[in-house]
Amino acid sequence: MGLGVGWAEAWIRHGADVLAEHRLELIILDRDIGDGDHGENMDRGFQAVLIRLDDLPPEANPGDVFKLVATTLISTVGGAAGPLYGTAFLKGALAVAGASTLDGAALVALLTAARDGIVLRGKAESGDKTMVDAWTPAVDAAAAAAADGADETAILHAAAAAAEGGAVATEPLVARKGRASYLGERSAGHRDPGAQSSALLLRAAADAAARG
Ligand code: ADP
Ligand code: MG
């Protein structure tokens, strides 16, 4: 069993569609506490990923998909989110390099490496009101589900639900990293756009697994 390249590609294709659908929502969130470009950045980056996915060789594995996502996001997405998501997908790709299918432990390793990449790159801690506040609960929930013997789809559902909760929980926080931190106390009362896009992407991963 395990999730293979079909899942990895379906995740990213579905994620691109979801980010396109939520483009305006992410723009508005970023307009409230940033410069209003997050929806545009993510949509542009993932549309570029879609084009490059068509050239993926037939023998590709999930790590190859994530590496393609990483290099494309790093080269096409400006702002903070491009390098942060790029590093997440690059570290995730390295964590599962060469594997043709990913079991629960591999999924936890993938998500953990992605989160660690974001932290390495952005130096944000939990509670700083960034995408880390979606990723860390997701990693913890995935690890707990895997320890309980959940299957791959259930592990991803647990991660997505925790990321959604983490994104909502950024609302009362005062931003301490990124552009939103310039607002100080005035950043409270708004959801962090990067935490929201992270939750959308992790939900897309779970939905792609559920569709098989
Ligand atoms: P920019 O802030 O350059 O306009 P985006 O609007 O695309 O870039 O992305 C903003 C998001 O990036 C924020 O909502 C936050 O989640 C995330 N972010 C910004 N700085 C950091 C950081 N140092 N660590 C983690 N995430 C960060
Ligand atoms: Mg922005």
Scan of the stretch 43-59 for residues that are crowded, with 17+ Cβ neighbours inside 10 Å and more than 16 Å from L200 (Cβ to Cβ), ordered by number: A48, L53
All helices (runs of 4 or more DSSP H) inside the stretch 110-212 with 2 or more residues being farther than 25 Å from D43 by Cβ and away from ligand 2 (no atom under 16 Å from the Cβ): 132-147, 152-168
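Residue-by-condition table, conditions (1) within 16 Å of ligand 1 (Cβ to nearest atom); (2) within 16 Å of the chain's Cα centre (by Cα); (3) not in a helix (DSSP H, G or I):
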residue	(1), (2), (3)
G6	no, no, no
L24	yes, no, no
D43	yes, yes, no
P58	no, no, yes
V69	yes, yes, no
G86	yes, yes, no
A106	no, no, no
Members of the stretch 140-156 that are farther than 15 Å from L102 by Cβ, open to solvent by 40 Å² or more (accessible area, probe 1.4 Å) and not acidic (D, E): A144, A147, G149
Which listed residue, of G98, G127, is open to solvent by 10 Å² or more (accessible area, probe 1.4 Å), touching a Lys or Arg at 6+ places or on another chain (Cβ under 9 Å) and at positive phi: G127
Residue in the stretch 19-41 that is farthest from ligand 2 (Cβ to nearest atom), counting only those that are open to solvent by 20 Å² or more (accessible area, probe 1.4 Å) and farther than 19 Å from Y182 by Cβ: E21
Verdict on T170 being within 11 Å of ligand 1 (Cβ to nearest atom) and either under 14 Å from the mean Cα position of the chain (by Cα) or free of Cβ contacts under 8 Å to residues at least 12 places away in the same chain (or both): no
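The values are calculated or read from the model by the stated rules, or taken from the named source; none is laboratory data. Because the structure is predicted, anything quoted here is derived from the model rather than measured. Note that each Cβ is placed from the backbone with ideal geometry, even for glycine, and that neighbours are counted across all protein chains shown. Just so you know, the surface numbers come from the protein's heavy atoms only, side chains and all, with ligands and any DNA or RNA stripped out. Shrake-Rupley method; radii C 1.70, N 1.55, O 1.52, S 1.80 Å.
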